[in-house]
Structures are given as C-alpha cells and as structure tokens.
Amino acid sequence: MTETRYLLEMNGITKEFPGVKALDGVTLKVRPGTVHALMGENGAGKSTLMKCLFGIYKPDGGEIVLDGQRVEINNSKDALSLGVSMIHQELYPVPHRNVMENLWLGRFPVKGFGPLKIVDEKKMREDTLALFRDLDMDIDPNALVGSMSVSKIQSLEIAKAVSFRSKVIVMDEPTSSLTGNEVEQLFKIINELRGRGVSIIYISHKMEEILRISDDVTIMRDGRLIGTWPAAELTTDLIISRMVGRDLKERFPERHNKPGDVLLKVEKLTSPFPKSFQDVSFELRQGEILGVGGLVGAQRTELIEALFGLRSVASGEISLRGRKVKIKTPTDAKKHKIALLTEERRVTGIFPVLSILENTMIANLDRYINPFFLLNERKGRAEVAGSVEKLRVKTPSIKELIKNLSGGNQ
Ligand SMILES: Nc1ncnc2c1ncn2[C@@H]1O[C@H](COP(=O)(O)OP(=O)(O)O)[C@@H](O)[C@H]1O
Ligand SMILES: [Mg+2]
C-alpha cells in the first residue's frame, strides 16, 4: 500500500499515431476530492491522454487504476459506468431537443407493463429538477438546448456527469467562451463537486485560473510528463518555463514594430440590426495589431465578420489605402487581401476531413489554377510545406488530415 491513496492513476501511458508519439510513458495521479490541472503547450498530448482515459483512444501501453482497481476502458460507455465523465472542449448537444431529453439520452426512465414500455415523462422531469436543485443550477428542463448559451449547456453537461455519479470529471478548456460571471458560477460548481469528493481534471491555458482553482498541477511537454506539483508551490513563470522547457525572460516577445501608414479605415460602420454594431470607426495602420475589446455579446465578432463580407452593413464606409471599397461577400474581401481566422475553428475555419495541404490551398485556389484550369498541386505542396515550416506546425506530413492536429496547430 502506498501512503496516499489516489482516486485515479494512469501509469506509463503510451500512444502513438502514424509519425507522432503523442504520449510517451505518461503518468498522472489524481487525489480524491481535488482539482488537478493538466497543462502543456498545444500538441503536448493533454487531450490524447484524456481521450485514453475516456475510452476514445486505446493506449498502446500503460495501465489505468481507478479506486485501487486496474480497469479496462474500451469506450466512453465503459468510462461513464466506471464513474469517469468528460466535458469536451467543443460541446455537442442535440440542439432540437430539450434539456431533459439531452440529459437522459440513451437512458430515459420508462414505465409500463411487460414489453410495453413508454418514457416516463413525469419521472424524467422530477429527476431533472432534483438534479438541478442539488447542484443549485437554474435551468428550465423544457428549454430547447439549441437556444441556450454556451455556459448553460456546459452546466447541463456537468449535471449530466453528476447524474452518472462520476468520481472523475475531465474538463477540457471549460472557460474558453465564458464571461466573468459565468466563470465564477462554474468555479462554484467545481468547489461543490470537490467538496463531495469528486476529482476534477482541469485543462486550461489560463494561469490565473489554474493557480486559483487547482490543488495539484501536472505539466506535460512533447508527449512526456514533466512533473506534478502542488499549485501552492507554483507561479505563472514557473509553470510557463516548465511547459516550454526553458526560462522565459518575457512572457510576450518584445514589441519593436513601428506602425506605418493607415491601411484600413472604417467610418461609422452600422449594422442593419439595431442591437448589433452601430457607428463604429477606427483606423488600422500597416504593421499594427489592433485589439477589439468588449464583453461577450458586445458584437465584436459581428463587426469583424462584416469587414469580411459575412454580414450586411446598413451604412458607413470602409477604405483600404485611402480608397473606398465595397465588401459584400468573402470573395470581395479576399480580392482585397483580407483574411479571417474564425472564432469557431472547427465549425467555420477548417475542413476537418481534408488534409493540411488541401485546407491551405482551398483558401486561395486562384493562386494554384494553371492556364488549363487544372490544379497546380506541385506549387501548392511547395508553398504549403514552406508555411508549415515557418509557422512550426507540428505534423508528420502536409498530407495529414487537419482534424488530427491538436487544436492550436489547426
Ligand atoms: N487522431 C490523431 N491522429 C494523428 N495524430 C494525432 C491525433 N490526435 C492527436 N494527434 C497528435 O498528437 C499530438 C498531441 O495532440 P493533443 O493531445 O491534441 O495535444 P494537446 O491537447 O496537448 O494540445 C499532436 O502532435 C497531434 O497532432
Ligand atoms: Mg487539446
């Protein structure tokens, strides 16, 4: 017997994908009733480790011990029945169904005689209300999930995890799209769960959050374990230097750009919708980074999408290098050499089932069409390989499907 009893031990987990050793003998030990942060740069292997725990991937080597018992987790159903839940980075609820139906999907309570069974709506409603009351969540069991905010859907996912009597709940970047208040609400729920002896594995890049909410911190780099420390012994600088493997003199590179002439000028840009952006003016200079601040709902994305021709504009002017331009569609925007990296990468930014090469070429097809209207793939390959190298995209080949890259590399 060891002195400390761990609720979960992942010992020497190894996982290889063609051309990438995603996990190289990683060990993670989680104490009961703690928040355990899992940290590392993009591509370090955090999500892969958690997918091994949740039965989405089968590790090539190593063992998983839950509550002192060695377990086999072959799929997410196994994981759930062993008390392991995962709140994914991207949530996939069933939008056209209500809260109750999403919550109990696949395990509706039924009533009836013999083989004749129907869904017991009343019990389902009562169970749902009891669960929300228990967690102090304010959610309407009949609300359509498609009309709910990200934070509500996330609370719903957490309630679902609790309803499975989970002992370990994995949260992959849970606060990335929450407002300040919603983060506080989430932390309240996390504290409540921790008080009940549930262990939370928490993946995030936000240092302040990690230091505030977690008890232990495990740091990974390039598929390997760097170590586990009590959060109380760590600082932001220590975490970063252990994540990147060298001391960092400054967190952000020094700025020595000298913004030049005005490149883009936006004057009194106004959306046709009264609740969206109104009367927005700004100038963007050459070699300049312009931040657009505001709370969630402030219409920042809508403004930027209007500049890319994705949203209509009722009035106002856009000029490039002093000349007025009309941007009605993304094709117009691209003609003016404006590019947009979208907010929801997986939904609107990439074609997951195409390769890195295809994804990159498709953004700029005209460049690769030869005089016979055929695709000049050789030119594409050379240029894309150059970009991959310049941007240090971590991938075995430009033929790799883009969905297999870690989030940041996509
Ligand atoms: N299904 C997959 N096929 C091929 N490579 C993958 C797959 N999933 C992850 N990888 C690779 O494994 C490495 C670790 O990725 P990931 O676990 O997503 O990192 P993190 O979550 O820490 O950002 C990356 O190099 C990534 O490209
Ligand atoms: Mg990840």
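The values are calculated or read from the model by the stated rules, or taken from the named source; none is laboratory data. The structure displayed is predicted, hence computed values, not measured ones. Cβ coordinates were reconstructed from backbone atoms using ideal geometry, including for glycine residues, and neighbour counts include every protein chain displayed. Side chains included, ligands, DNA and RNA excluded: accessible areas come from the protein's heavy atoms. Shrake-Rupley method; radii C 1.70, N 1.55, O 1.52, S 1.80 Å.
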query: Within the range 57-70, is there a residue that is within 16 Å of ligand 1 (Cβ to nearest atom), among the basic types (Lys, Arg), touching a strand residue (DSSP E or B) at 6+ places or on another chain (Cβ under 7 Å) and outside any strand (DSSP E or B)?
result: no
- request: Scan (1) within 22 Å of GLU41 (Cα to Cα); (2) surrounded by fewer than 11 Cβ atoms within 10 Å (Cβ to Cβ) for the single condition LYS258 breaks and write down its number.
  value: (1)
- prompt: Going by the conditions given, is ASN102 among the polar types (S, T, N, Q), surrounded by 14 or more Cβ atoms within 10 Å (Cβ to Cβ), in the same structural domain as SER47 (by TED's automatic domain parsing) and not in a loop (DSSP other than H, G, I, E, B)?
  reply: yes
message: Take ASP67 and tell me if it is acidic (Asp, Glu), in contact (Cβ under 8 Å) with a residue 60 or more places away in the chain, in the same structural domain as SER163 (by TED's automatic domain parsing) and out of contact with any helix residue (DSSP H, G or I) (no Cβ under 6 Å at 6 or more places or on another chain).
response: yes
- line: Over the range 355-410, the set of residues among the aliphatic types (A, V, I, L, M) and more than 16 Å from ligand 1 (Cβ to nearest atom) is MET361, ILE362, ALA363, LEU365, ILE369, LEU374, LEU375, ALA382, VAL384, ALA385
task: Give the residues of the range 166-206 that are open to solvent by 10 Å² or more (accessible area, probe 1.4 Å), away from ligand 1 (no atom under 16 Å from the Cβ), under 18 Å from the mean Cα position of the chain (by Cα) and over 26 Å from ASN98 (Cα atoms), sorted by residue number.
output: GLY180
message: Tell me whether the range 323-334 contains one or more residues that are more than 13 Å from LEU264 (Cβ to Cβ), touching a residue at least 24 places away in the same chain (Cβ under 8 Å) and not acidic (Asp, Glu).
response: yes
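When you check GLY106 against the structure, is it on the phi > 0 side of the Ramachandran plot and at pLDDT 85 or above, yes or no?
no
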task: Would you mind telling me which numbered condition in (1) away from ligand 1 (no atom under 12 Å from the Cβ); (2) open to solvent by 20 Å² or more (accessible area, probe 1.4 Å); (3) more than 19 Å from the chain's Cα centre (by Cα) VAL94 fails?
output: (3)
message: Condition (residue is within 16 Å of ligand 1 (Cβ to nearest atom), touching a residue at least 60 places away in the same chain (Cβ under 8 Å) and touching a Lys or Arg at 6+ places or on another chain (Cβ under 6 Å)) applied to the range 31-39: is it met by at least one residue?
response: yes
query: Looking at the range 306-333, which of its residues are part of a helix (DSSP H, G or I) and surrounded by fewer than 18 Cβ atoms within 10 Å (Cβ to Cβ)?
result: PRO330, THR331, ASP332
Residues within the range 207-225 that are part of a helix (DSSP H, G or I) and either open to solvent by less than 50 Å² (accessible area, probe 1.4 Å) or not acidic (Asp, Glu) (or both), tallied: 6
task: Take ALA22 and decide whether it is near ligand 1 (Cβ under 9 Å from one of its atoms), among the small types (Gly, Ala, Ser) and surrounded by 19 or more Cβ atoms within 10 Å (Cβ to Cβ).
output: yes
Cross-chain or 6+ apart pairs with Cβ under 8 Å, the range 44-64 first and not assigned by TED's automatic domain parsing to the domain that holds LYS403, then part of a helix (DSSP H, G or I) and within 12 Å of ligand 2 (Cβ to nearest atom): TYR57/THR48; TYR57/LYS51
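Mind checking whether some residue in the range 153-165 is in a loop (DSSP other than H, G, I, E, B) and open to solvent by 10 Å² or more (accessible area, probe 1.4 Å)? Spell out the reasoning first.
Of the range 153-165, the ones in a loop (DSSP other than H, G, I, E, B) are 164-165.
In the following step, the residues that additionally are open to solvent by 10 Å² or more (accessible area, probe 1.4 Å) were identified as 164-165.
Looking for residues that are in a loop (DSSP other than H, G, I, E, B) and open to solvent by 10 Å² or more (accessible area, probe 1.4 Å), one finds at least one in the range 153-165, hence yes.
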